[in-house]
1. Would you please name the residue that is farthest from the ligand (Cβ to nearest atom), looking only at residues in the range 266-279 that are of a type in the set (S, T, N, Q) and over 19 Å from Val319 (Cβ atoms)?
2. Would you check if Gly586 is under 29 Å from the mean Cα position of the chain (by Cα), among the small types (Gly, Ala, Ser) and assigned to a helix (DSSP H, G or I)?
3. Is it the case that some residue within the range 136-159 is surrounded by fewer than 18 Cβ atoms within 10 Å (Cβ to Cβ) and under 24 Å from Ile270 (Cα atoms)?
4. If a residue must be surrounded by 16 or more Cβ atoms within 10 Å (Cβ to Cβ) and in a helix (DSSP H, G or I), how many such residues does the range 509-529 contain?
5. Restricting to the range 100-145, what's the tally of residues that are free of Cβ contacts under 8 Å to residues at least 24 places away in the same chain and part of a strand (DSSP E or B)?
6. Which residue is farthest from Gly415 (Cα to Cα), if the candidates are limited to the range 318-333 and must be part of a helix (DSSP H, G or I) and not β-branched (Val, Ile, Thr)?
7. Go through the range 177-271 and tell me which helices (runs of 4 or more DSSP H), entirely inside it, have 3 or more residues that are touching a residue at least 40 places away in the same chain (Cβ under 8 Å).
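Please treat every number below as a calculation from the coordinates, not as lab data. Note that the coordinates shown come from a computational prediction; the quantities given were computed from them, not determined experimentally. Reconstructed Cβ throughout: ideal geometry from the backbone, glycine too, with neighbour counts over all protein chains shown.
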Amino acid sequence: MRIRVLQSASLALIFLTASLGECSAAVIAKDGVAKTVIVVDPASSPTERFAAQQLAACLQQITGGSFEIQTNAKAPKNAIIVGPGIAASSCFSDVPFAELGGEEFVIRTAHNRILLAGGPPRGTLYAVSRFLQDECGVRWWTPWASRIPQRSSLRIGTLNVRAKPAFEYRNPYWRCAFDPEWSWHNLCNGDSSHLTAEQGGSIEYKYFVHSFYTLVPPQKYFPEHSEWFSLVNGRRTAENAQLCLSNPELRDFVVDRVKEALRESPEARIISVSQNDCLNACECTNCKAMDDAEGSHAGSLIAFVNYIAEKIAPEFPNVSVDTLAYQYTRKPPRTLNTRSNVIVRLCSIECNFREPLDSPSNSAFAADIRGWDAKANRLYAWDYVTDFAHYIQPFPDWFTLGPNLRFFQDHKVRGVFEEGAYESYGTEMAELRAWVLAQLLWNPRQDDRALIREFLDGYYGAAGRPLWRYLELMEEASKGYNLTIWTPTNAPFLHFKTLAQAESLWREAEKAVKGNDELLKRVQQGHLAVQYVWLEGWDPLRAEGVRSGNSWPFAVSREELGRQWLAVAHGVEEKPWTRVTIVSEGGITPDEFVAQMGQKKP
Ligand SMILES: [Zn+2]
């Protein structure tokens, strides 16, 4: 977590006074001229050199000055030192570099020098990113939109920061977050970010999830070894089923398969040994006895995964075995603890996402996370942040993102996968969630509502204000509704009155950015969400409007609105982010949606 010298706090003030001689301000640029050089150690890593280049380029964009990068074992008087090498022999020699974790860093000022340095592989790069964000005001909203403040004179006050992320694994799984540059800018490290080694690399999984039948393909092994597969209703089966986790022969077979897979992928640090995406746990006598004794199907699962993890540890001491606590295995075992090289990924799929995870409506999940907190050595969360039936309709979970990440942190969750609408650009509030989640995954103690407002104003410009009112409107309207990840378009909170107000706010938002083609495109794309619901529920909504004596908000026919909607959804070729390609996890395209919408009966 971020530790800062706060000048207003009395304790910090004492510390600051004591070290005032060492920590002092630094001038970076004056009147568009660089007043400092950037220095990297000759022995620095490719990532540290990359960090220095990125810093130079961004400072040039901010100030207009040209920043020289020196590769030198000594730092001149006015310098930004990037990386720990030379810093250790400079005025920053008291920094405990050897203690810094792989994503931890120090930012300090002393004698007109600035130190940006962290542990390998990503610490120094993160120091640069956080420095540019926190001290220079840079924001990287999306891969195609950022804010680079223009300041021809740039002076940095006294800094003494040591920080590291709240979660070791941070993956906001949205289409717009798969961009490597955006990912390192926003300090995400999942392998879907496609980070290069220069960009610090990522946490690599071997297989990602639901890997039982990847490890033991039934087409190859079921004929000879049906006893390795689930016994369901007295019959061995591999159809929508799992493995017989208590079978000793199968266990050793999986150990060999895991070792083989890891030898093929030496970069992997985590291997998934996890249940298939269905039910049908094995009901054989041995599996059942373990599950009964542990009060959960997680009993046979954790015994199995612990066994695999123990057997691979000598050859792969740096690899962890990841498994799911998902649906029928969500409840933690009564007595079993996981080994230190086992990761349990607890999945929130059944929850009500309108309410925080620790609210009464999610009490069963909250009880499970508390249980796993005590049982799992290393707990990750697999959380859900979109409507999978309708990626593009309003899904008012915005104000639970912060509380939920705080809840995870409180229960020793160390990694978070936030599954969003990963298949297409232009899904509902995708860009907002990706950025806000990335910021909160770094530090969930930030004011999440302030982050949301900041994004709206930054990304949508003058439309930010009505859009904030839109978010509040939907939050209020959905109060008391059980918002699942399969919420239909006719959910009670998507009724005429709320939609009419929402429509009006989006029109106000479009008006606010009229004349700015780029911002208008962003707002029009966001507007698709509300119009998606109008188009789908046209006739019943119209009847509801008439019943309540309200005027119908559209002058055009359903077909014409469908055509207009499609024109926005198709976007423009030269800007891939403007193109919506899929509107649900089922793979419905915008054209199919509009075609089917046209055929719907009243
Ligand atoms: Zn069994």
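1. To start, the set of residues in the range 266-279 that are of a type in the set (S, T, N, Q) comprises 272, 274-276.
When the remaining residues are screened for being over 19 Å from Val319 (Cβ atoms), the result is 275-276.
Values: Gln275: 13, Asn276: 15 Å.
Checked the range 266-279; the qualifying residue farthest from the ligand (Cβ to nearest atom) is Asn276.
2. Against the criterion (under 29 Å from the mean Cα position of the chain (by Cα), among the small types (Gly, Ala, Ser) and assigned to a helix (DSSP H, G or I)), Gly586 does not qualify.
3. No, the range 136-159 contains no residue that is surrounded by fewer than 18 Cβ atoms within 10 Å (Cβ to Cβ) and under 24 Å from Ile270 (Cα atoms).
4. Of the range 509-529, the ones surrounded by 16 or more Cβ atoms within 10 Å (Cβ to Cβ) are 509-510, 512-513, 519-529.
Going one step further and asking which of them are in a helix (DSSP H, G or I), we end up with 509-510, 512, 519-529.
Residues in the range 509-529 being surrounded by 16 or more Cβ atoms within 10 Å (Cβ to Cβ) and in a helix (DSSP H, G or I): 14 in total.
5. 0
6. From the range 318-333, those part of a helix (DSSP H, G or I) are 327-329; that's our starting set.
Those still in the list that are not β-branched (Val, Ile, Thr) too: 327-328.
On the way: Gln327: 19, Tyr328: 22 Å.
Top of the filtered list is Tyr328.
7. Numbers: elements: 180-185, 212-215, 218-221, 248-264.
Of the helices (runs of 4 or more DSSP H) lying wholly inside the range 177-271, those with at least 3 residues that are touching a residue at least 40 places away in the same chain (Cβ under 8 Å) span 180-185, 212-215, 248-264.
This table checks each residue for (1) in contact with a Gly (Cβ under 9 Å, 6 or more places away or on another chain); (2) closer than 30 Å to Tyr169 by Cβ.
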{"site": "Gly64", "(1), (2)": "yes, no"}
{"site": "Ile69", "(1), (2)": "no, no"}
{"site": "Ala73", "(1), (2)": "yes, no"}
{"site": "Pro76", "(1), (2)": "no, no"}
{"site": "Gly83", "(1), (2)": "yes, yes"}
{"site": "Cys91", "(1), (2)": "no, no"}
{"site": "Thr109", "(1), (2)": "yes, no"}
